[in-house]
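Some notes on the structure that comes next.
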């Protein structure tokens, strides 16, 4: 399975809904399993730099098939630095992104920037949960 634009936009809309509940302004990036951007959204009034953060965190979550925050502790290791350099410097090892799985297979990731790391990850998780809820209902 691959993510569709419709699915990516559902993830973005759901992440933004969670951000509204938290009273924060975010940027949301959804990428495919290879870490390439599929869809992006920035809330009105959101900081422009959060877009880079959201995408970099999504790349990390997709690249390692785990929440990006779990990588932060090792970010300064030579291996992690080398991976970031080889990837072009677009990968961010910071909390705020979660991978997306379908039938146990990695299909992408959702990254969020604009709040605290915890808020960003909560919004990303809400986006992915909305997709999974629809998939369960349709499946």
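If we keep just the residues of region 70-91 that are in contact with a helix residue (DSSP H, G or I) (Cβ under 6 Å, 6 or more places away or on another chain) and assigned to a helix (DSSP H, G or I), which is nearest to residue 55 (Cα to Cα)?
Checking each candidate, the answer is 71.
Any residue in region 96-105 that is on the phi > 0 side of the Ramachandran plot, out of contact with any strand residue (DSSP E or B) (no Cβ under 8 Å at 6 or more places or on another chain) and surrounded by fewer than 16 Cβ atoms within 10 Å (Cβ to Cβ)?
Within region 96-105 (the criterion being on the phi > 0 side of the Ramachandran plot, out of contact with any strand residue (DSSP E or B) (no Cβ under 8 Å at 6 or more places or on another chain) and surrounded by fewer than 16 Cβ atoms within 10 Å (Cβ to Cβ)), the answer is yes, since at least one residue qualifies.
Condition first: surrounded by fewer than 24 Cβ atoms within 10 Å (Cβ to Cβ), part of a helix (DSSP H, G or I) and in contact with a helix residue (DSSP H, G or I) (Cβ under 7 Å, 6 or more places away or on another chain). Now tell me which residues in region 38-69 satisfy that.
Those that are surrounded by fewer than 24 Cβ atoms within 10 Å (Cβ to Cβ), part of a helix (DSSP H, G or I) and in contact with a helix residue (DSSP H, G or I) (Cβ under 7 Å, 6 or more places away or on another chain): 64, 69.
Inspect region 108-117 for any residue being part of a helix (DSSP H, G or I), modelled with pLDDT of 95 or more and either surrounded by fewer than 21 Cβ atoms within 10 Å (Cβ to Cβ) or out of contact with any helix residue (DSSP H, G or I) (no Cβ under 7 Å at 6 or more places or on another chain) (or both) and give the result as yes or no.
Yes; the residues of region 108-117 include at least one that is part of a helix (DSSP H, G or I), modelled with pLDDT of 95 or more and either surrounded by fewer than 21 Cβ atoms within 10 Å (Cβ to Cβ) or out of contact with any helix residue (DSSP H, G or I) (no Cβ under 7 Å at 6 or more places or on another chain) (or both).
What residue, among those in region 1-31 that are buried (at least 19 other Cβ atoms within 10 Å of the Cβ) and out of contact with any helix residue (DSSP H, G or I) (no Cβ under 7 Å at 6 or more places or on another chain), is farthest from residue 109 (Cα to Cα)?
The residue in question is 16.
The values are calculated or read from the model by the stated rules, or taken from the named source; none is laboratory data. Keep in mind the model is a prediction, meaning the values are calculated, not measured. For neighbour counting, all protein chains shown are included, and Cβ atoms are generated from backbone atoms with ideal geometry for every residue, glycine included.
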